[in-house]
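So the structure is just underneath, and the comments pick up after that.
The values are calculated or read from the model by the stated rules, or taken from the named source; none is laboratory data. Keep in mind it's a predicted model, so treat the numbers as computed, not measured. For neighbour counting, all protein chains shown are included, and Cβ atoms are generated from backbone atoms with ideal geometry for every residue, glycine included. SASA here: full protein model, heavy atoms, side chains in, ligands and nucleic acids out. Shrake-Rupley method; radii C 1.70, N 1.55, O 1.52, S 1.80 Å.
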Amino acid sequence: MSLLADLISGRDAIDPGYAEAAARRAPGAPARHLGLPVAVVLCLLGLLLTVAVVQTARERPAAKRERAALIENIRDRSTANEELERQAELLRSESARLQERQLDRSAAGRQARDELSRLAPRAAAAEMSGAGLLISVDDGPPPEGPSPDSPVSGHIYDHDLQTLVNGLWAAGAQGIAINGRRLTATTAIRAAGEAILVDYRPISPPYEISVVGDPGDIQVELADSEAGRHMRTLQSTFGIRYDLREESSVELPKAGAPPLRYAKEVRGG
Amino acid sequence: MIAVIGLLAGVVIGFALQPDVPLWLQPYLPIAIVASLDAMFGGLRARLEGVFDEKVFVVSFVSNTIVAALIVFVGDRLGVGSQLTTGVVVVLGIRIFTNLAAIRRRLFRA
């Protein structure tokens, strides 16, 4: 007696209990049926069905509401974040002003201030401007053929930009920004999926790299370096765009404030 | 007649009260419903074949529902809840189909 065979033949689909009960009854005696218990049981069935339907119908809008609440939450937090950023910017300028005033009081302070204002642009803590280069880098044309995402494509990857930026530093660049994001000594250039992150914020092609530094020296040094060869290879093999343009005046913004590693808030001062 | 009245009464009560299903019972409700549907169609077929018995119907209904829920409960404890649920649904589904086919043959002679 195989369960599956029974199921397929349909022989025993009806509960065998019915046949047994029928056999137990005296021949000719009427079968007991449709009394109150049957009504009660069917009432229970109706109740179960209705409860399930009601429950399912009730849960669907609940899921939708939850989603809307999450979206609302995200918007709220983003707004709060923006507000905090504005506040932080305000406090930073306030602290810079106070620092300026304190340093102005003594000769040593004035000397420190001069040194700071000399070093701050190079450390990306202040805006920087001067003669330099504008470099445009962009993905090459998509490869021909049926498979658009074959490995042989002119897609710029994070390590291409890393190589170029390191080459520029080595060639004597004093300040670099990618798509308006200033690079410090510790700024990360990474990939997240297809996108490239600079300072953990996504940027998209074309990549405009602004460099402050002696344009002639940098171009000569870069052309001779590993980074320059790498970019030229990408250009000739995959058809990426790689243009260098000399500019008499390049403006670089300052980088975001670095995290405080050693300074601690004084409590209860 | 009394059966139809009972069924309608259940539906009306369900809509009127809209009881909240406790969370621990929620996974077992659908499977219990499939099992009870199986018992109901079994009873309907038995009635059409003239062998319906009240006691068999009530007992099969209650035990079907509880056993189906129990199987899923045990499966959940063993970590194969969804697989066992599928198994129970397949078996009961085939039974419902064959019972319905028998009812159809009897009613329409086709």
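Only one residue in A:Ile178, A:Ile203 is touching a Lys or Arg at 6+ places or on another chain (Cβ under 9 Å) and within 19 Å of A:Asp243 (Cβ to Cβ), so which one is that?
On the way: A:Ile178 fails: touching a Lys or Arg at 6+ places or on another chain (Cβ under 9 Å).
None of the other options fit; the residue is A:Ile203.
To keep it simple, each residue is scored yes or no on (1) more than 7 Å from chain A (Cβ to nearest Cβ); (2) open to solvent by less than 60 Å² (accessible area, probe 1.4 Å); (3) modelled with pLDDT of 85 or more; (4) in a helix (DSSP H, G or I).
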| site | (1), (2), (3), (4) |
| --- | --- |
| B:Pro27 | yes, no, no, yes |
| B:Phe57 | no, yes, yes, yes |
| B:Ala68 | yes, yes, yes, yes |
| B:Asp76 | yes, no, yes, yes |
| B:Val88 | yes, yes, yes, yes |
| B:Leu100 | yes, no, yes, yes |
| B:Ile103 | yes, yes, yes, yes |
Exercise. Going through segment B:73-103 one residue at a time, which ones are within 20 Å of B:Arg45 (Cβ to Cβ) and not aliphatic (A, V, I, L, M)?
Worked result: B:Gly93, B:Arg95, B:Phe97, B:Thr98, B:Asn99
Seminar exercise, completed: Over segment A:36-46, the set of residues closer than 14 Å to B:Ala35 by Cα and not small (Gly, Ala, Ser) is A:Val41, A:Leu42, A:Leu44, A:Leu45
For this session: For segment B:29-55, name all the residues that are open to solvent by less than 20 Å² (accessible area, probe 1.4 Å) and in contact (Cβ under 8 Å) with a residue 40 or more places away in the chain.
Result: B:Ile31, B:Ala35, B:Asp38, B:Gly42
Problem set entry | Residue ID - farthest from B:Glu54 (Cα to Cα), chosen from residues in segment A:45-63 that are crowded, with 20+ Cβ neighbours inside 10 Å and out of contact with any Leu (no Cβ under 8 Å at 6 or more places or on another chain) | A:Thr50
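Considering segment A:246-269 alone, what residues qualify as being open to solvent by 60 Å² or more (accessible area, probe 1.4 Å) and over 21 Å from A:Ala173 (Cβ atoms)?
Within segment A:246-269, the subset open to solvent by 60 Å² or more (accessible area, probe 1.4 Å) is A:246, A:248-249, A:251, A:254, A:258-269.
Correct list: A:Pro259, A:Leu260, A:Arg261, A:Tyr262, A:Ala263, A:Lys264, A:Glu265, A:Val266, A:Arg267, A:Gly268, A:Gly269.
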Exercise. Residues of segment A:31-82 being closer than 30 Å to A:Ala19 by Cα and either touching a Cys at 6+ places or on another chain (Cβ under 7 Å) or among the β-branched types (Val, Ile, Thr) (or both), which ones?
Worked result: A:Val38, A:Val40, A:Val41
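When you look at B:Val72, is it of a type in the set (A, V, I, L, M, F, W, C), more than 12 Å from every other protein chain (Cβ to nearest Cβ) and open to solvent by less than 40 Å² (accessible area, probe 1.4 Å), yes or no?
Considered against the rule, which asks whether it is of a type in the set (A, V, I, L, M, F, W, C), more than 12 Å from every other protein chain (Cβ to nearest Cβ) and open to solvent by less than 40 Å² (accessible area, probe 1.4 Å), B:Val72 comes out as yes.
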Exercise. Would segment A:96-111 turn up any residue that is among the charged types (D, E, K, R), away from every other protein chain (no Cβ under 14 Å) and under 27 Å from A:Asp199 (Cα atoms)?
Worked result: yes
For this session: Scan segment A:216-269 for residues that are within 28 Å of the chain's Cα centre (by Cα) and basic (Lys, Arg) and jot them down.
Result: A:Arg241, A:Lys254, A:Arg261
Exercise. Of all residues in segment A:21-40 being among the basic types (Lys, Arg) and open to solvent by 60 Å² or more (accessible area, probe 1.4 Å), which is modelled with the lowest pLDDT?
Worked result: A:Arg32
Exercise. What pairs come up if the first residue lies in segment B:1-12 and is facing chain A (nearest Cβ under 7 Å), the second is surrounded by fewer than 17 Cβ atoms within 10 Å (Cβ to Cβ) and assigned to a helix (DSSP H, G or I), and their beta carbons are under 9 Å apart, counting only those six or more places apart or on different chains?
Worked result: B:Ile2/A:Leu36; B:Gly6/A:Leu36; B:Gly6/A:Val40
Problem set entry | Of residues in segment A:158-182 being in a loop (DSSP other than H, G, I, E, B) and closer than 14 Å to A:Asp224 by Cβ, the one least open to solvent (accessible area, probe 1.4 Å) | A:Ala171
Seminar exercise, completed: Counting only residues in segment A:1-20 that are crowded, with 19+ Cβ neighbours inside 10 Å and outside any helix (DSSP H, G or I), the one modelled with the highest pLDDT is identified as A:Asp15
Exercise. What tally of residues in segment A:204-245 results from selecting those that are open to solvent by 20 Å² or more (accessible area, probe 1.4 Å), assigned to a helix (DSSP H, G or I) and aliphatic (A, V, I, L, M)?
Worked result: 3
For this session: State the number of residues belonging to segment B:13-25 that are at the interface with chain A (Cβ under 7 Å from one of its Cβ atoms) and either closer than 15 Å to A:Gly17 by Cβ or open to solvent by 20 Å² or more (accessible area, probe 1.4 Å) (or both).
Result: 4
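For the condition polar (S, T, N, Q) and over 26 Å from A:Pro121 (Cβ atoms), what is the one hit in A:Thr237, A:Thr184, A:Thr163? I'd like the intermediate steps shown before the answer.
Details: A:Thr184 fails: over 26 Å from A:Pro121 (Cβ atoms); A:Thr163 fails: over 26 Å from A:Pro121 (Cβ atoms).
Checking each option against the conditions leaves just A:Thr237.
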